[in-house]
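Working notes for the structure below.
The values are calculated or read from the model by the stated rules, or taken from the named source; none is laboratory data. Bear in mind the structure is a predicted one, so any value in this text is a computation, not a measurement. Quick reminder, even Gly has a Cβ in these numbers, built from the backbone with ideal geometry, and neighbours come from all protein chains shown. Note: accessible area is taken over every heavy atom of the protein model, side chains too, but ligands, DNA and RNA are not part of it. Shrake-Rupley method; radii C 1.70, N 1.55, O 1.52, S 1.80 Å.
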Amino acid sequence: MLTIFLILFLLFHNFLQGQDTIPPLVPDTLPSVAPDSILLKIDSILLAGDTTTMESDTLANDTVVKLPKKSSLEAKVDYKAEDSLRFDIKNQRMFLFNEGEITYTDINLKANYIEIDFPNNMIYAHGSRDSLDNEIGVPEFTQGEMKFKSKIMNYNYKTKKGYIRRVFTQQDEGYLHGQVVKKMADDVTYIKTGSYTTCSNEEHPHFEFRFNKAKVIPNSKIITGSAYLAIAEVPTPLFIPFGYFPNRTGQRSGIILPSYGESANRGFFLENGGYYWAINEYMDLKVLGDIYSRGSWAIKPMFNYVKRYKYNGILRLGYAINKIGFQGSPDYQKQEDFEFRWVHTQDSKARPNSSFSANVNIVSNTFNKYNPSSSTEAYLSNTFQSSINYSTSFGGKYYLNLNFNHSQNTITKEINFAFPQISFSINQFYPFRTKNRAGKLKWYEQIGLKYNLDIENRYNTYDSALFKQEWYKDMQNGIRHNIPISGTWRIFKFVNFTNSLNIRDRMYFNYIKKSYIDSIVTPDTTYAGHYQTDTIYGFKNAFDFNFSSSINTRLYGMYQFKGGPIKAIRHVLTPAVTFSYTPNFGAPGWGYYKEVENDTNAKPTKYSIFQGSLYGGPPANKAGLLTFSLSNNLEMKIRNRKDTVTGTKKIVLIDNFVISASYDIAKDSLNWSPISLSGRTSIFKGLNIQYSSRWDPYALDSLGRRTNASEWKVNHRLLRLDNTTWDIGFSYSLSSDKVGKKKESEKGTEQERTDIEKYYDYYVDFDIPWSFSFNYNFRYTAAWNNAQQKRVPTIIQTLNFNGQLNITPKWKITLTTGWDFTSNELAYTSINIYRDLHCWEMSFGWVPKGAQQQWNFSINVKASVLQDMKLNKKKDFRDYQ
């Protein structure tokens, strides 16, 4: 009761003081501390009708204070202050001191001093100064998506109009500064004496467009009167009669301004100008174009689509007419170029049992040479591949794949298409096993069966003859059935005995017929005899099979060391013997091979009627191959103190070294095949070594052909080295600890973060202080040359370097180079320098020599809303053509 009495007494005393103790609504100077008067700390207030309930930890919950005037508040007002709160009951005013905060409907206000005038529906706020005379706690106002900071603010929460001084607010990617601001009820804002910038520095932006008046329409646009550009607060003569800045979040349609310049061989140009159409949140379309003063032009539409958790993709087309030089001059060229690019990716969780993906890249042989938007990788590439794939499974046993494949070489201009490619397969199953079996498996229950079906249509041509008249006659097509039957049994516990029967059936819709045309003698010339090949259209079937049986086991050997860093060495040997038999499908009874006569006394020439077909034909000769192979693996265990579990580390000395040879019992001579040796290892991290060679037991004649005489009998040596290949690759990288670590950030929109993750190479990462890597590849090949009667060695070497370095937190240099051992000069070299200028960025790129020789310098604003505010100088590699 004593506490309540004291509070009522203090309230009554405060009421008698009247206006004398209330500070002015908009003081000329900011107070340094809160008034030393009677204060109440209250959490919330609710005004409804003629009563106000004031809740406090120092007042009873049922305390009600009668107000002489009906309030206009329609919702609960939540407020708090770090220091204190004062309430003037007579004049219905409230004062909040030190980090005050008020929330009413969608309005939130924070400031060091807040005053509320309830009868007039007004809120007044300003900051204060600390002991060092620094301004603190300036008003921060939020209503919906609109936020701004100001020095002094008057706001009517009923009419939602306000009069604000010295405002700083963010509008999409830009920031507005204003000395005097009026906020209207429809959220439209008028500014007198202000500036617009995309630099987030509040007090002193690095650049700004200064104006006398402006109008801000939320989620629409910002319109200013005449404005001029100031850089580092220094006015420049760059003047615009009015300003128009988009102020809408999300996708926005609009015109894309082109870049301009001059090309030495195509004239003046406007490049990559066009229109961006934001269709909806799932798709957009960008159409770019190029035009040159000498007649060249290009159009390049690009369509993006995405559906979250389902799929995303990009479709890019390009068509260009390139005219090089002046018409009528000897070096004049006119070329027609095209591009088709489609990438589609399906989310793995969208349809667990099926998937669809596409990666199509079809271009003409000179498109990337003249297209200014092509990347360095695309320009240097001469081979392109495409694929479209749909796969699905039925019950986890049956699998269906549909494919479209394309390959292209822009040097030879050869194009290969495979469409469609259909494959259907059935997982291995055991037809002799019962569902409810008991005990060990019978020998016949080990027999398994598979089935594979392939259907394919292939078209090989050149880009100049693509889809010309009767192009379909050059197609190859066929159907292939494959049924492998196999079983594996264990003999003496350690030996695996495997038998298999492979049945194949090929179906074609045409085959060939050869005939010999005799020589013709005329008074003018003589036409020699030759073979003529005709295509016969009609269904033809090719059936063949082969049988194989193999025995293999695995032998282990280990030697352990008692002391020293080496703990043990283990050697694993895998010997295998395989016998395979193929019948003679070249016999006349099968009908797969025919003979054609000639005008000499030589034997008729045998040929396959499926020669050149998609899957080939059955083998012509009987074969009974007995193959021997021995696989070796050698590992070493050494002491490793970093491993606290085992204390050892495994090093693979020989990953897989294989010796193999075969003997054909069906031949009457040259029964032995060359002995093959191959192996690989990776002793150190980054070092890969591969080796292969072939040793022949038979000698060669004077024409370099194998004879039935052994190498020992002719040259007194057991084997003759036929060819050998060494592949040695070494790569090494050094970097700071930050490289390779997963980075998470809340900056930017979700789409921007996704783009950076998908297209990381297109961005400059200043979080990596430094990194350096290089790779070296050496290939040595020595093959027998019949003309020189000896083995001729060939050596190919490549060496590449990549590195990046942050000289300072804002300067970054990247380098890509290498050494061409064939021409003894630098390979493709690229040097790039980046400078982060806060709200600006600067870049310099230089390719000093080679086919893509160029340099470019650019300084531009980072924000996309002012993406055309830039300075760009360059000499493009296309100018050297």
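The number of residues in the stretch 264-306 that are open to solvent by less than 60 Å² (accessible area, probe 1.4 Å) and among the hydroxyl-bearing types (Ser, Thr, Tyr) comes to 4. Residues of the stretch 159-205 that are touching a residue at least 60 places away in the same chain (Cβ under 8 Å) and either outside any loop (DSSP other than H, G, I, E, B) or in contact with an Asp or Glu (Cβ under 9 Å, 6 or more places away or on another chain) (or both): GLN171, GLY174, THR197, THR198, CYS199, PRO205.
Any residue at all in the stretch 241-263 that is in a strand (DSSP E or B), open to solvent by less than 20 Å² (accessible area, probe 1.4 Å), farther than 30 Å from LYS147 by Cβ and modelled with pLDDT under 90? Yes: the stretch 241-263 contains one or more residues that are in a strand (DSSP E or B), open to solvent by less than 20 Å² (accessible area, probe 1.4 Å), farther than 30 Å from LYS147 by Cβ and modelled with pLDDT under 90. For the stretch 550-572, taking the residues that are of a type outside the set (Val, Ile, Thr) and surrounded by 14 or more Cβ atoms within 10 Å (Cβ to Cβ), the one that is farthest from PHE497 (Cα to Cα) is identified as LYS567. The residue that is surrounded by the fewest Cβ atoms within 10 Å (Cβ to Cβ), counting only those in the stretch 463-495 that are modelled with pLDDT of 85 or more and hydroxyl-bearing (Ser, Thr, Tyr), is THR488. Every condition in (1) at pLDDT 80 or above; (2) over 50 Å from the mean Cα position of the chain (by Cα) is met by VAL77 except one, and the failing one is (1).
For the stretch 97-120, a tally of residues being part of a loop (DSSP other than H, G, I, E, B), at pLDDT 85 or above and either surrounded by 15 or more Cβ atoms within 10 Å (Cβ to Cβ) or within 49 Å of the chain's Cα centre (by Cα) (or both) returns 0. Once the stretch 183-204 is narrowed to residues that are at pLDDT below 85 and of a type in the set (D, E, K, R), the residue that is surrounded by the most Cβ atoms within 10 Å (Cβ to Cβ) is LYS183. Within the option set SER425, SER387, SER364, SER357, being open to solvent by less than 70 Å² (accessible area, probe 1.4 Å), among the polar types (S, T, N, Q) and more than 22 Å from PHE303 (Cβ to Cβ) holds for one residue only, SER425. Identify all residues within the stretch 787-821 that are open to solvent by 80 Å² or more (accessible area, probe 1.4 Å), closer than 19 Å to TRP695 by Cα and touching a residue at least 40 places away in the same chain (Cβ under 8 Å); write none if there are none. Of everything in the stretch 787-821, just one residue is open to solvent by 80 Å² or more (accessible area, probe 1.4 Å), closer than 19 Å to TRP695 by Cα and touching a residue at least 40 places away in the same chain (Cβ under 8 Å), namely ARG791. Taking the criterion of being within 22 Å of TYR462 (Cβ to Cβ) and part of a loop (DSSP other than H, G, I, E, B), the residues of the stretch 401-436 that qualify are THR410, ILE411, THR412, LYS413. For the stretch 322-337, check the following and say yes or no: at least one residue is within 20 Å of the chain's Cα centre (by Cα), modelled with pLDDT of 85 or more and surrounded by 15 or more Cβ atoms within 10 Å (Cβ to Cβ). Scanning the stretch 322-337 turns up no residue that is within 20 Å of the chain's Cα centre (by Cα), modelled with pLDDT of 85 or more and surrounded by 15 or more Cβ atoms within 10 Å (Cβ to Cβ). Checked against (1) open to solvent by 70 Å² or more (accessible area, probe 1.4 Å); (2) at pLDDT below 70; (3) of a type in the set (D, E, K, R), ASP765 passes all but condition (1). Listed by position, the strands (runs of 3 or more DSSP E) enclosed by the stretch 681-731 that each have at least 1 residues that are of a type in the set (Asp, Glu) and open to solvent by less than 40 Å² (accessible area, probe 1.4 Å) are 687-696.
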